[in-house]
Every structure is written in structure tokens, then in C-alpha cells.
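Engineer: Sending over a structure as C-alpha cells; questions will come in a sec.
The values are calculated or read from the model by the stated rules, or taken from the named source; none is laboratory data. Everything quoted here is computed from the prediction, not taken from an experiment. Don't worry about glycine lacking a Cβ; one is built from the backbone with ideal geometry, like all the others, and counts go over all protein chains shown.
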Amino acid sequence: MAKWTPKHEAPEPLEGPVVATITGGTILWFVLFLVQLPFYGWFDDHGHTWWVWTCLAGGGLGLIGVWYVRGRDAALKRAAAEADAGPSPAAD
């Protein structure tokens with residue numbers, strides 16, 4: 001079998017409001033957790049408590065995601081600013 005190799009260049013990655021998207025998703029996970037919390041007894045009776053804890057885990061992982069994308073965004077902005085400034089003069 002021959003190894004599959006692409007015959008064209010990969011497209012550029014899409015850049016958008018990544019920080020806002022991840023923040024919105026994280027807020028949504030926490031809202032879903034809070035909405036389900038009053039019905040915990042029903043979820044427990046029907047064996048669906050994992051729904052509640054999945055929403056909490058999604059919110060917690062979303063906080064890590066917000067931290068990561070904010071750092072990434074800051075690093076991209078720093079790199080762009082350094083590229084616009086041009087090469088710095090060498091210190092003797």
C-alpha cells in the first residue's frame with residue numbers, strides 16, 4: 001500500500017474571536033451546571049448524575065482553555081509587534 005500524501009497545500013488556519021468563543025462556551029457550561037443543579041434528585045433517581053458533573057467538568061476545563069487562549073493571543077500580539085518593529089540593533 002502506498003502512503004497517502006496530499007497533493008495541495010494545507011489552508012491557512014482560521015483566526016477569529018477565539019478568546020470570546022472559549023469564554024462564551026465556558027459560561028454556557030457553567031450555566032448548564034447551575035440549571036441542572038436544582039434537579040439533582042431527579043438525575044440521581046434516573047442514573048443521570050453524570051450529566052450534572054459533565055457540565056461542571058466542561059466549565060472547569062473551559063477555565064483552563066480561557067487561560068490558554070488569552071496567553072496565546074498575547075503571544076501572537078507580541079510577535080506581531082516585534083515583527084513590525086523590525087530587527088533590534090545588536091548590543092556591543
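Engineer: Only one of (1) in contact with a helix residue (DSSP H, G or I) (Cβ under 6 Å, 6 or more places away or on another chain); (2) at pLDDT 95 or above fails for VAL18. Which number is that?
Structural biologist: So the condition that VAL18 fails would be (2).
Engineer: Please verify whether the stretch 34-53 includes one or more residues that are aromatic (Phe, Trp, Tyr) and in contact (Cβ under 8 Å) with a residue 24 or more places away in the chain.
Structural biologist: no
Engineer: Filter the stretch 21-48 for residues that are surrounded by 15 or more Cβ atoms within 10 Å (Cβ to Cβ) and either farther than 30 Å from ALA74 by Cβ or at pLDDT below 95 (or both) and give the result.
Structural biologist: Once the filter is applied, which keeps residues that are surrounded by 15 or more Cβ atoms within 10 Å (Cβ to Cβ) and either farther than 30 Å from ALA74 by Cβ or at pLDDT below 95 (or both), the stretch 21-48 yields GLN36, PHE43.
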